[in-house]
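Written below as structure tokens is the structure these notes are about.
The values are calculated or read from the model by the stated rules, or taken from the named source; none is laboratory data. All figures in this text were calculated on a predicted structure; none of them were measured in a lab. A quick note on method: Cβ atoms are made from the backbone with ideal geometry, for glycine too, and the neighbour counts reach across all protein chains shown.
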Amino acid sequence: AGRSQSLLSMYVHEELVPLVRGFGIEPHFVRVDGRTGPSGGSKAEHMVRHLTALAGVDPSRVVVIGDAADDAVAARHVGAGAVLYTGGSHSRASLELVGVPVVDSLEEAVEEAQRLAA
């Protein structure tokens with residue numbers, strides 16, 4: 001669709017990158033960022049650093065696909081859209097409280113992200 005994707009996680013960066021490589025999916029991402037430094041800190045701050053590193057990416061053209069309510073909050077903080085996926089550890093009911101689309105499959109998440117980005 002002429003779009004790119006990056007991966008942002010609160011998983012420790014030094015462990016995330018080899019994990020992504022091990023699954024053979026690293027080439028699908030223009031950037032992979034995990035958490036650096038001590039645990040804690042906000043996802044919003046992490047999101048700001050990630051988008052800054054992507055240089056030239058307009059946050060209003062970004063759609064975050066996440067599996068936790070704070071993923072949507074971090075997206076909102078930077079002016080990005082968000083879709084939440086029920087495949088994580090959070091219930092649909094808790095995800096729906098955030099007020100963004102909630103889907104049950106990654107295929108649906110991509111479809112919804114494309115709709116939001118249009």
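Details
- Candidates in region 88-118 are the residues that are part of a loop (DSSP other than H, G, I, E, B) and either in contact with an Asp or Glu (Cβ under 7 Å, 6 or more places away or on another chain) or closer than 17 Å to SER60 by Cα (or both); of these, the one that is modelled with the lowest pLDDT is ALA118.
- Contact annotation: residue pairs with Cβ atoms under 7 Å, 6 or more positions apart or on different chains, pairing a residue in region 64-83 that is modelled with pLDDT of 95 or more with a partner that is acidic (Asp, Glu), are VAL64/ASP71; ALA82/ASP71; VAL83/GLU112.
- Pairs meeting the criteria (first residue in region 101-118 and within 13 Å of VAL64 (Cβ to Cβ), second residue at pLDDT below 95, beta carbons under 8 Å, at least 6 apart or on different chains) are PRO101/LEU116; ALA117/ARG3; ALA117/ARG61.
- Top-ranked residue of region 33-48 - restricted to ones that are of a type outside the set (Ser, Thr, Tyr), farther than 15 Å from VAL73 by Cα and loosely packed, with under 15 Cβ neighbours inside 10 Å, ranked as modelled with the lowest pLDDT: GLY40
- Evaluation of VAL64 against (1) of a type in the set (Val, Ile, Thr); (2) buried (at least 18 other Cβ atoms within 10 Å of the Cβ); (3) out of contact with any strand residue (DSSP E or B) (no Cβ under 8 Å at 6 or more places or on another chain) (one fails), failing number: (3)
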